[in-house]
Amino acid sequence: VQLYLSKASLDCTITTSKSSEMNLNIPISDDGDYKEMPIPEQFVHKLVNVEEQPATAKLHSAVSDLYA
């Protein structure tokens, strides 16, 4: 999926679910040039505070380093 934004729509929020191979394209000049950025499909999850307080443990999720 290729998602192209106009200059007027740059301040938007994009929600995805169960999607792969998605790219966001934003305009970078008036000549029709775009910058393509992949929308991550791989994340890393880690339990935090599970050993000290299992009842209040939290799951932290972050985009995989593949997209750094």
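Rounded to 0.05, the FRET efficiency of the residue 16 and residue 49 pair, given R0 = 25 Å and the Cβ-Cβ distance, is 0.30. Bridgeable aspartates and glutamates around residue 18 (alpha carbons under 18 Å apart, same-chain partners fewer than 8 residues away excluded): 41. Of 43, 60, 4, which is farthest along the charge dipole of the chain in the positive direction, counting Lys and Arg as +1 and Asp and Glu as -1 at C-beta? My answer, from the dipole projection, is 60.
So in the chain, what percent of DSSP beta bridges are antiparallel if you round to the nearest 5? Looking only at bridges with both residues in the chain, the antiparallel portion is about 80 percent. Sparsely packed loop sites in the stretch 1-57 (the GluC sites (Glu not before Pro) outside DSSP H, G, I, E and B with at most 14 other Cβ atoms within 10 Å) comprise 21, 51, 52. Summing Cβ point charges (Lys, Arg +1; Asp, Glu -1) relative to the Cα centre of the stretch 2-67 gives a dipole of roughly 280 debye. On the basis of the beta-carbon distance and an R0 of 30 Å, residue 26 and residue 62 show a calculated FRET efficiency of 0.85.
Taken together, the values in this text are just the output of simple stated rules run on the coordinates, not laboratory data. From a predicted model like this one, the values you see are computed outputs, not experimental measurements. Every residue, glycine among them, receives a Cβ derived from its backbone with ideal geometry; neighbour counts consider all protein chains shown.
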